[in-house]
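Below is one structure, written out as structure tokens, with a few remarks after it.
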Amino acid sequence: MKKIFVALFCMAALVADELKIEANLFTADQKSGLSIFEGDVHIQKGSDELNASKVTVYVNEQKEPTKFHAQGDVSFFIHTQEGAQFKGQAYEAIYFPETKEYHFFKNVHLQQLDDKKEIVGEEVVLKSIEGNAYAKGAEKEPVIMIFDLKEKDIQKEQ
């Protein structure tokens with residue numbers, strides 16, 4: 001099936017990076033402000049990437065994107081404003097461009113590459129402006145945080 005390439009430009013409030021969405025199917029409803037991308041959806045904005053089975057883009061009256069809702073086999077690679085790098089996967093993700101905040105849901109695995117930290121949980125929020133993340137476990141599942149601790153080699157003096 002021929003893929004559809006769509007290039008959207010973010011307004012000044014969203015930083016002037018080009019937003020490119022690639023998918024197998026595209027439908028839009030101007031009255032409701034919805035654009036739906038389905039099938040092997042790949043979104044790229046600068047060095048950030050998001051992949052999913054389906055992405056719904058919500059826009060306001062000025063045609064600016066206000067929310068991206070990704071569903072099904074979501075994977076991502078994100079740089080924060082502070083320079084941290086994150087990659088991971090989840091079943092579902094919601095991105096709010098105005099606050100640059102990502103919300104990940106269901107079987108979330110988030111890795112901070114430059115600090116070798118990993119968060120596993122059912123709900124994880126990443127605030128890319130501040131570089132902060134927090135997580136919540138499922139009802140009977142805890143949040144798991146994994147650190148890479150380097151121990152110093154201490155030699156006894158003789």
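Return the residues of the range 69-86 that are among the hydrophobic types (A, V, I, L, M, F, W, C) and within 14 Å of I43 (Cβ to Cβ); say none if nothing qualifies.
A70, V74, F76, F77, I78
Tell me which of these T56 doesn't satisfy, since it passes every other one: (1) touching a residue at least 24 places away in the same chain (Cβ under 8 Å); (2) under 22 Å from L19 (Cα atoms); (3) β-branched (V, I, T).
Single failed check for T56: (1).
Identify, please: which residue in the range 84-97 is of a type in the set (A, V, I, L, M, F, W, C) and part of a strand (DSSP E or B) and is, among those, farthest from H109 (Cα to Cα)?
Only one residue fits best here, namely F96.
Got a sec? Which of Q111, Q81 is in a loop (DSSP other than H, G, I, E, B) and free of Cβ contacts under 8 Å to residues at least 60 places away in the same chain?
Criteria check complete, one pass: Q81.
Restrict the check to the range 84-103 and report whether at least one residue is more than 26 Å from D29 (Cβ to Cβ), out of contact with any Ser or Thr (no Cβ under 9 Å at 6 or more places or on another chain), free of Cβ contacts under 8 Å to residues at least 24 places away in the same chain and of a type outside the set (A, V, I, L, M).
Within the range 84-103, not a single residue is more than 26 Å from D29 (Cβ to Cβ), out of contact with any Ser or Thr (no Cβ under 9 Å at 6 or more places or on another chain), free of Cβ contacts under 8 Å to residues at least 24 places away in the same chain and of a type outside the set (A, V, I, L, M).
Tally time: how many residues in the range 107-154 are modelled with pLDDT of 60 or more and of a type in the set (K, R)?
So the count comes out to 4.
The values are calculated or read from the model by the stated rules, or taken from the named source; none is laboratory data. As the structure is a computational prediction, the values presented were derived from the model and not from experiment. Cβ coordinates were reconstructed from backbone atoms using ideal geometry, including for glycine residues, and neighbour counts include every protein chain displayed.
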